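The next block holds one structure in the form of C-alpha coordinates; read it before the comments.
The values are calculated or read from the model by the stated rules, or taken from the named source; none is laboratory data. Remember, it's a predicted structure, so these values are computed and weren't measured experimentally. Using ideal geometry, Cβ is built from the backbone for each residue, glycine included, and neighbour counts are taken over all protein chains shown.
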Amino acid sequence: MSPLASVSAGTGELREAFEHGRVCALAAQGQRDLQRCMTEQADLFGAEPFDAALASSIALTMAFSAPWCDAAELRLANRSVLWCFALDWQVDHEMGSAVDLDLLVRRQRAVADGGSAEPDDPLGRFLAELRVELAAGPAFATMHGVWRDAVDRTLVAMRREWHWRADAHRPGLDEYLANADNLASTMVNVTHWAGVGGPQAHALLDRLVAASDAVQRALRLVNDLASYERDLRWGDLNALMLVEDRSVVDQELADQVRQATGLIDELRPDVPREAAYLTRQLGYASGFYRFTDFWGIV
(Lines give C-alpha, C1' and ligand atoms only; values in the text may rest on other atoms or scores of the structure.)
Protein backbone atom coordinates (compact mmCIF):
# COMPACT_ATOMS: atom_id res chain seq x y z
CA MET A 1 0.00 0.00 0.00
CA SER A 2 1.37 3.43 -0.96
CA PRO A 3 1.77 6.15 1.70
CA LEU A 4 -1.12 8.13 0.18
CA ALA A 5 -3.32 5.05 0.14
CA SER A 6 -2.52 4.52 3.80
CA VAL A 7 -3.71 8.04 4.60
CA SER A 8 -6.90 7.70 2.54
CA ALA A 9 -7.67 4.41 4.27
CA GLY A 10 -7.28 5.97 7.70
CA THR A 11 -10.11 6.72 10.07
CA GLY A 12 -11.58 9.76 11.76
CA GLU A 13 -9.90 13.12 11.31
CA LEU A 14 -7.14 11.79 9.04
CA ARG A 15 -9.53 10.37 6.48
CA GLU A 16 -11.80 13.43 6.69
CA ALA A 17 -8.88 15.77 6.05
CA PHE A 18 -7.73 13.61 3.14
CA GLU A 19 -11.17 13.88 1.56
CA HIS A 20 -11.24 17.66 2.05
CA GLY A 21 -7.84 17.87 0.36
CA ARG A 22 -9.04 15.76 -2.56
CA VAL A 23 -12.10 17.96 -3.11
CA CYS A 24 -10.01 21.13 -2.89
CA ALA A 25 -7.65 19.68 -5.50
CA LEU A 26 -10.68 19.07 -7.72
CA ALA A 27 -11.63 22.72 -7.20
CA ALA A 28 -8.09 23.87 -8.03
CA GLN A 29 -8.33 22.10 -11.38
CA GLY A 30 -11.65 23.81 -12.02
CA GLN A 31 -10.28 27.19 -11.02
CA ARG A 32 -7.39 26.93 -13.48
CA ASP A 33 -9.83 26.16 -16.28
CA LEU A 34 -12.04 29.11 -15.34
CA GLN A 35 -9.09 31.48 -15.17
CA ARG A 36 -8.05 30.36 -18.66
CA CYS A 37 -11.57 31.21 -19.83
CA MET A 38 -11.40 34.64 -18.23
CA THR A 39 -7.98 35.33 -19.75
CA GLU A 40 -8.95 34.13 -23.22
CA GLN A 41 -12.18 36.17 -23.16
CA ALA A 42 -10.93 39.38 -21.61
CA ASP A 43 -13.57 41.38 -23.51
CA LEU A 44 -16.19 39.55 -21.46
CA PHE A 45 -14.38 39.26 -18.13
CA GLY A 46 -12.39 42.48 -17.98
CA ALA A 47 -14.38 44.10 -15.16
CA GLU A 48 -12.70 44.24 -11.77
CA PRO A 49 -15.14 41.88 -9.98
CA PHE A 50 -14.04 39.01 -12.24
CA ASP A 51 -11.02 38.17 -10.13
CA ALA A 52 -9.23 34.97 -9.13
CA ALA A 53 -11.36 34.66 -6.01
CA LEU A 54 -14.51 34.49 -8.14
CA ALA A 55 -13.05 31.63 -10.18
CA SER A 56 -11.96 29.88 -6.99
CA SER A 57 -15.35 30.34 -5.33
CA ILE A 58 -17.20 28.92 -8.34
CA ALA A 59 -14.90 25.89 -8.56
CA LEU A 60 -15.13 25.20 -4.83
CA THR A 61 -18.92 25.38 -4.90
CA MET A 62 -19.21 22.81 -7.65
CA ALA A 63 -16.50 20.54 -6.23
CA PHE A 64 -18.17 20.37 -2.82
CA SER A 65 -21.63 19.99 -4.39
CA ALA A 66 -20.56 17.01 -6.52
CA PRO A 67 -17.34 15.61 -5.02
CA TRP A 68 -17.85 12.25 -6.76
CA CYS A 69 -17.21 13.91 -10.15
CA ASP A 70 -13.82 14.45 -11.74
CA ALA A 71 -12.62 17.76 -13.16
CA ALA A 72 -13.81 16.94 -16.67
CA GLU A 73 -17.30 16.16 -15.40
CA LEU A 74 -17.50 19.50 -13.57
CA ARG A 75 -16.11 21.58 -16.42
CA LEU A 76 -19.48 22.39 -18.01
CA ALA A 77 -21.14 23.29 -14.72
CA ASN A 78 -18.23 25.50 -13.70
CA ARG A 79 -18.26 27.29 -17.04
CA SER A 80 -22.03 27.67 -16.91
CA VAL A 81 -21.78 29.45 -13.56
CA LEU A 82 -19.14 31.76 -15.05
CA TRP A 83 -21.41 32.50 -18.03
CA CYS A 84 -24.25 33.32 -15.62
CA PHE A 85 -22.04 35.79 -13.75
CA ALA A 86 -21.10 37.43 -17.05
CA LEU A 87 -24.78 37.66 -18.00
CA ASP A 88 -25.68 39.11 -14.62
CA TRP A 89 -22.92 41.73 -14.89
CA GLN A 90 -23.98 42.79 -18.37
CA VAL A 91 -27.66 43.06 -17.44
CA ASP A 92 -27.06 44.93 -14.19
CA HIS A 93 -24.16 47.18 -15.16
CA GLU A 94 -23.90 47.50 -18.95
CA MET A 95 -27.46 47.72 -20.26
CA GLY A 96 -28.26 51.38 -20.82
CA SER A 97 -31.74 50.88 -22.27
CA ALA A 98 -34.54 48.38 -22.68
CA VAL A 99 -33.65 48.19 -26.38
CA ASP A 100 -30.10 47.08 -25.53
CA LEU A 101 -31.45 44.54 -23.08
CA ASP A 102 -33.93 43.09 -25.57
CA LEU A 103 -31.11 42.69 -28.10
CA LEU A 104 -28.98 40.84 -25.56
CA VAL A 105 -31.86 38.50 -24.72
CA ARG A 106 -32.67 37.81 -28.39
CA ARG A 107 -29.05 37.01 -29.15
CA GLN A 108 -28.66 34.57 -26.25
CA ARG A 109 -31.94 32.85 -27.11
CA ALA A 110 -30.82 32.38 -30.69
CA VAL A 111 -27.54 30.83 -29.57
CA ALA A 112 -29.25 28.52 -27.06
CA ASP A 113 -31.55 27.40 -29.87
CA GLY A 114 -28.58 26.39 -32.03
CA GLY A 115 -27.65 29.59 -33.85
CA SER A 116 -24.24 31.23 -34.17
CA ALA A 117 -23.15 34.11 -31.96
CA GLU A 118 -22.83 37.54 -33.53
CA PRO A 119 -19.22 38.72 -34.01
CA ASP A 120 -19.67 41.52 -31.46
CA ASP A 121 -21.34 39.28 -28.85
CA PRO A 122 -18.74 37.66 -26.55
CA LEU A 123 -21.47 36.53 -24.16
CA GLY A 124 -23.19 34.65 -26.98
CA ARG A 125 -19.87 33.24 -28.13
CA PHE A 126 -19.25 31.79 -24.67
CA LEU A 127 -22.78 30.34 -24.55
CA ALA A 128 -22.24 28.79 -27.99
CA GLU A 129 -19.12 27.07 -26.66
CA LEU A 130 -21.16 25.60 -23.81
CA ARG A 131 -23.84 24.40 -26.22
CA VAL A 132 -21.27 22.77 -28.51
CA GLU A 133 -19.72 20.95 -25.55
CA LEU A 134 -23.13 19.77 -24.39
CA ALA A 135 -24.01 18.66 -27.92
CA ALA A 136 -21.03 16.31 -27.90
CA GLY A 137 -22.70 14.26 -25.17
CA PRO A 138 -25.11 11.37 -25.81
CA ALA A 139 -28.05 12.97 -23.96
CA PHE A 140 -28.17 16.24 -25.88
CA ALA A 141 -30.86 15.13 -28.33
CA THR A 142 -33.32 14.66 -25.48
CA MET A 143 -31.94 17.38 -23.18
CA HIS A 144 -31.50 20.28 -25.59
CA GLY A 145 -35.04 21.58 -25.19
CA VAL A 146 -34.89 21.43 -21.40
CA TRP A 147 -31.53 23.18 -21.36
CA ARG A 148 -32.70 25.86 -23.81
CA ASP A 149 -35.77 26.48 -21.63
CA ALA A 150 -33.60 26.81 -18.53
CA VAL A 151 -31.43 29.40 -20.29
CA ASP A 152 -34.55 31.25 -21.40
CA ARG A 153 -36.00 31.30 -17.88
CA THR A 154 -32.80 32.90 -16.62
CA LEU A 155 -32.83 35.52 -19.37
CA VAL A 156 -36.49 36.37 -18.75
CA ALA A 157 -35.98 36.65 -14.99
CA MET A 158 -32.96 38.94 -15.31
CA ARG A 159 -34.79 41.12 -17.81
CA ARG A 160 -37.82 41.33 -15.52
CA GLU A 161 -35.71 42.46 -12.57
CA TRP A 162 -33.97 45.06 -14.76
CA HIS A 163 -37.37 46.54 -15.56
CA TRP A 164 -38.37 46.45 -11.89
CA ARG A 165 -35.34 48.55 -11.06
CA ALA A 166 -35.73 50.85 -14.06
CA ASP A 167 -39.41 51.47 -13.24
CA ALA A 168 -38.78 51.78 -9.48
CA HIS A 169 -41.18 48.87 -8.99
CA ARG A 170 -41.05 47.10 -5.65
CA PRO A 171 -42.53 43.62 -6.04
CA GLY A 172 -44.04 41.76 -3.14
CA LEU A 173 -41.94 39.02 -1.60
CA ASP A 174 -43.94 36.27 -3.34
CA GLU A 175 -43.54 37.95 -6.72
CA TYR A 176 -39.85 38.47 -6.06
CA LEU A 177 -39.29 34.79 -5.21
CA ALA A 178 -41.28 33.70 -8.25
CA ASN A 179 -38.54 35.42 -10.25
CA ALA A 180 -35.71 33.50 -8.56
CA ASP A 181 -34.49 32.20 -11.93
CA ASN A 182 -32.41 35.39 -12.02
CA LEU A 183 -30.10 33.54 -9.61
CA ALA A 184 -29.53 31.00 -12.44
CA SER A 185 -28.77 28.01 -10.23
CA THR A 186 -31.41 25.84 -11.92
CA MET A 187 -29.90 26.68 -15.30
CA VAL A 188 -26.53 25.49 -14.00
CA ASN A 189 -28.07 22.35 -12.51
CA VAL A 190 -29.82 21.44 -15.76
CA THR A 191 -26.52 21.92 -17.59
CA HIS A 192 -24.79 19.63 -15.07
CA TRP A 193 -27.45 16.92 -15.36
CA ALA A 194 -27.50 17.18 -19.15
CA GLY A 195 -23.78 16.54 -19.17
CA VAL A 196 -23.32 13.87 -16.49
CA GLY A 197 -26.79 12.75 -15.36
CA GLY A 198 -27.83 9.18 -16.08
CA PRO A 199 -31.01 7.86 -17.73
CA GLN A 200 -32.93 7.79 -14.43
CA ALA A 201 -32.09 11.43 -13.72
CA HIS A 202 -33.19 12.40 -17.22
CA ALA A 203 -36.43 10.45 -16.80
CA LEU A 204 -37.18 12.32 -13.56
CA LEU A 205 -35.98 15.69 -14.80
CA ASP A 206 -39.29 17.48 -14.19
CA ARG A 207 -39.17 16.56 -10.50
CA LEU A 208 -35.48 17.38 -10.28
CA VAL A 209 -36.11 20.82 -11.77
CA ALA A 210 -38.95 21.41 -9.29
CA ALA A 211 -36.63 20.54 -6.41
CA SER A 212 -33.87 22.67 -7.92
CA ASP A 213 -36.28 25.61 -8.19
CA ALA A 214 -37.11 25.25 -4.50
CA VAL A 215 -33.40 25.25 -3.65
CA GLN A 216 -32.98 28.26 -5.92
CA ARG A 217 -35.67 30.22 -4.05
CA ALA A 218 -34.00 29.41 -0.74
CA LEU A 219 -30.60 30.45 -2.09
CA ARG A 220 -32.10 33.69 -3.42
CA LEU A 221 -32.93 34.58 0.20
CA VAL A 222 -29.61 33.28 1.57
CA ASN A 223 -27.82 35.49 -0.95
CA ASP A 224 -29.96 38.52 -0.09
CA LEU A 225 -29.41 38.19 3.64
CA ALA A 226 -25.65 38.19 3.01
CA SER A 227 -25.44 40.88 0.33
CA TYR A 228 -27.84 43.58 1.56
CA GLU A 229 -25.18 46.29 1.99
CA ARG A 230 -23.65 45.59 -1.41
CA ASP A 231 -27.07 45.59 -3.06
CA LEU A 232 -27.77 49.01 -1.56
CA ARG A 233 -24.54 50.35 -3.07
CA TRP A 234 -25.10 48.72 -6.46
CA GLY A 235 -28.80 49.57 -6.69
CA ASP A 236 -29.86 45.93 -6.83
CA LEU A 237 -33.12 44.60 -5.42
CA ASN A 238 -33.00 42.57 -2.23
CA ALA A 239 -35.71 40.76 -0.28
CA LEU A 240 -34.91 42.86 2.80
CA MET A 241 -35.92 45.98 0.84
CA LEU A 242 -39.38 44.53 0.22
CA VAL A 243 -40.49 43.95 3.83
CA GLU A 244 -40.51 46.06 6.96
CA ASP A 245 -39.45 43.26 9.30
CA ARG A 246 -36.40 41.08 8.62
CA SER A 247 -38.06 38.24 10.50
CA VAL A 248 -40.47 37.87 7.56
CA VAL A 249 -37.54 36.99 5.31
CA ASP A 250 -36.05 34.69 7.95
CA GLN A 251 -39.35 32.80 8.22
CA GLU A 252 -39.73 32.64 4.43
CA LEU A 253 -36.23 31.18 4.16
CA ALA A 254 -37.08 28.51 6.73
CA ASP A 255 -40.23 27.66 4.78
CA GLN A 256 -38.35 27.47 1.48
CA VAL A 257 -35.67 25.21 2.99
CA ARG A 258 -38.38 22.87 4.34
CA GLN A 259 -40.05 22.74 0.93
CA ALA A 260 -36.76 22.11 -0.85
CA THR A 261 -35.61 19.37 1.51
CA GLY A 262 -39.03 17.70 1.31
CA LEU A 263 -38.87 17.55 -2.49
CA ILE A 264 -35.28 16.33 -2.38
CA ASP A 265 -36.13 13.58 0.11
CA GLU A 266 -38.92 12.34 -2.17
CA LEU A 267 -36.37 12.00 -4.98
CA ARG A 268 -33.63 10.38 -2.93
CA PRO A 269 -34.69 6.72 -3.34
CA ASP A 270 -34.74 7.02 -7.14
CA VAL A 271 -31.84 9.42 -7.83
CA PRO A 272 -29.69 9.45 -4.68
CA ARG A 273 -26.71 11.16 -6.31
CA GLU A 274 -28.76 14.03 -7.74
CA ALA A 275 -30.57 14.41 -4.40
CA ALA A 276 -27.23 14.56 -2.60
CA TYR A 277 -26.03 17.16 -5.10
CA LEU A 278 -28.97 19.47 -4.38
CA THR A 279 -28.62 18.96 -0.63
CA ARG A 280 -24.91 19.73 -0.68
CA GLN A 281 -25.48 22.74 -2.94
CA LEU A 282 -27.96 24.21 -0.46
CA GLY A 283 -25.77 23.50 2.55
CA TYR A 284 -22.50 24.67 1.01
CA ALA A 285 -23.90 27.94 -0.35
CA SER A 286 -25.62 28.70 2.95
CA GLY A 287 -22.32 28.31 4.79
CA PHE A 288 -20.39 30.27 2.15
CA TYR A 289 -22.72 33.27 2.23
CA ARG A 290 -22.43 33.58 5.99
CA PHE A 291 -18.93 34.99 5.57
CA THR A 292 -18.34 36.25 2.02
CA ASP A 293 -19.71 36.83 -1.48
CA PHE A 294 -18.75 35.62 -4.95
CA TRP A 295 -18.09 39.04 -6.47
CA GLY A 296 -14.63 40.51 -6.20
CA ILE A 297 -16.00 43.88 -5.04
CA VAL A 298 -18.37 43.72 -2.06
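Here are the numbers:
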{"read-out": "Yes/no for residue 98 being touching a helix residue (DSSP H, G or I) at 6+ places or on another chain (Cβ under 8 Å) and touching a residue at least 60 places away in the same chain (Cβ under 8 Å)", "value": "yes"}
{"read-out": "Any hit, the range 130-149, residues being under 14 Å from the mean Cα position of the chain (by Cα), assigned to a helix (DSSP H, G or I), within 18 Å of residue 74 (Cβ to Cβ) and without any contact (Cβ under 8 Å) to a residue 60 or more places away in the chain", "value": "yes"}
{"read-out": "Test for residue 156: is it assigned to a helix (DSSP H, G or I), among the β-branched types (Val, Ile, Thr), in contact (Cβ under 8 Å) with a residue 24 or more places away in the chain and closer than 30 Å to residue 21 by Cα", "value": "no"}
{"read-out": "Wholly within the range 188-288, helices (runs of 4 or more DSSP H) carrying at least 2 residues that are of a type in the set (Gly, Ala, Ser), over 20 Å from the mean Cα position of the chain (by Cα) and loosely packed, with under 14 Cβ neighbours inside 10 Å", "value": "246-267"}
{"read-out": "Selection count where residues are touching a helix residue (DSSP H, G or I) at 6+ places or on another chain (Cβ under 6 Å) and either under 19 Å from residue 47 (Cα atoms) or among the small types (Gly, Ala, Ser) (or both), scope the range 58-77", "value": "7"}
{"read-out": "Filter result (over 15 Å from residue 189 (Cα atoms) and buried (at least 24 other Cβ atoms within 10 Å of the Cβ)) within the range 52-78", "value": "55"}
{"read-out": "Scan of the range 102-122 for residues that are aliphatic (A, V, I, L, M) and in contact with a helix residue (DSSP H, G or I) (Cβ under 6 Å, 6 or more places away or on another chain), ordered by number", "value": "105, 111, 112, 117"}
{"read-out": "Among the residues listed as 53, 86, 28, the single one being over 23 Å from residue 157 (Cα atoms), without any contact (Cβ under 8 Å) to a residue 60 or more places away in the chain and assigned to a helix (DSSP H, G or I)", "value": "28"}
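For every residue, the table says whether it meets (1) within 22 Å of residue 234 (Cα to Cα); (2) more than 13 Å from the chain's Cα centre (by Cα); (3) modelled with pLDDT of 95 or more.
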{"residue": "33", "(1), (2), (3)": "no, yes, yes"}
{"residue": "45", "(1), (2), (3)": "yes, yes, no"}
{"residue": "73", "(1), (2), (3)": "no, yes, yes"}
{"residue": "83", "(1), (2), (3)": "yes, no, yes"}
{"residue": "90", "(1), (2), (3)": "yes, yes, yes"}
